[in-house]
Amino acid sequence: MMTFSARRTTVSATATAVVVAVCLSVLSGCKSGSSGAGAPAPASSASAPASAAPVAGAFEPEQALAEAEKTPYAASLKGVTEAAGREMSTMTGRSNLGTVFTGRSEIRSTGLWMETVTTADAAYVRNRAQEGSGWAKAPRSPDNEANYAGYAKLLLAAGPSAKKGMENRGGVPTYHLAGHLDLDQVAAIDPRTHRSMKAKGVTGFDIDQWIDSQGRTVRFEQRMELRGLQAANKIDFSEFGPVETFAAPQG
């Protein structure tokens, strides 16, 4: 059995699978934020550190989020899932957001190289780690909508403590939001993640989120305890543009 050791704590293949499964649930579908298997689209500009210097172009997050609801868009992403301080999986992709979720993504971890394509009426997946693996088609999930703008609104509803202020991330003026959310708080905005995490015993998680002046999420960090492990999802979004068409894969 494959294991990863961390301070005498053994992270088993089973625990790894649990963490990656939650990663897939969180990252494989997004609505008002960003997310994106086939050939990976250009990834984001890595996790550019936030600048502590004064940031030009200051804005209020409530107004920015209201703007995000007006115009659907496409975005690229690069995500990392960690457990016990170790990288478990990575994900790159491109998706349409602020509208019916469609997109392509590629997820890699030990023994797994998964590609997914979500179209308007179906979901396709294949494991490229298995030679000769073809595309499997399934109906798209009705709740395949991780609503990042919804997360930001939940943080703002917690009060002034969630508003950490303006920060510059990779040359982009962003507003930093942060706080703790109980799992049941996200049931309405992200039912797929709620269902997956609840089945694995997660009761809540901490979030740091940076949004731009148009309310689009630039970076999203989610930290939680999973089966006794400290786990995290860290996602960068970039290359925002008009809505794109994602067709069913061929072959």
Between Asp184 and Val243, what FRET efficiency comes out of the Förster formula 1/(1 + (r/R0)^6) with R0 = 41 Å and r the beta carbon distance, rounded to 0.05?
0.80
The lysines whose Cα lies under 23 Å from the Cα of Lys198, excluding any fewer than 8 residues away in the same chain, are Lys31, Lys153, Lys234
Hydrodynamic radius by Kirkwood, which averages 1/r over all alpha carbon pairs of segment 54-155, in angstrom
16.0
The FRET efficiency for Arg128 and Gln230, from their Cβ-Cβ distance with R0 = 30 Å and rounded to 0.05, is 0.50
Can you tell me the FRET efficiency between Leu112 and Lys164 if r is taken as the Cβ-Cβ distance and R0 is 35 Å, rounded to the nearest 0.05?
0.50
Net +/- balance of residues flanking Pro61 in space, Cβ distance below 15 Å, scoring K and R +1, D and E -1
-1
In whole percent, the fraction of accessible protein surface over segment 65-189 that belongs to carbon or sulfur atoms, probe radius 1.4 Å, stands at 51
Find out how many positive minus negative residues lie around Asp208, taking Lys and Arg as positive, Asp and Glu as negative, among other residues whose Cβ is under 13 Å from that of Asp208.
+2
At 1.567 mPa s and 4 °C, plugging the Kirkwood radius over alpha-carbon pairs of segment 139-239 into Stokes-Einstein gives what diffusion coefficient in µm²/s?
91
Net charge of Cβ neighbours under 13 Å - reference Ala232; Lys, Arg +1; Asp, Glu -1
-2
Segment 202-245 to segment 50-99: how many Å between their Cα centroids?
6
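The values are calculated or read from the model by the stated rules, or taken from the named source; none is laboratory data. The shown structure was predicted, so the numbers you read here are calculated from the model rather than taken from an experiment. A quick note on method: Cβ atoms are made from the backbone with ideal geometry, for glycine too, and the neighbour counts reach across all protein chains shown. For accessibility, only protein heavy atoms count, side chains too; no ligands or nucleic acids. Shrake-Rupley method; radii C 1.70, N 1.55, O 1.52, S 1.80 Å.
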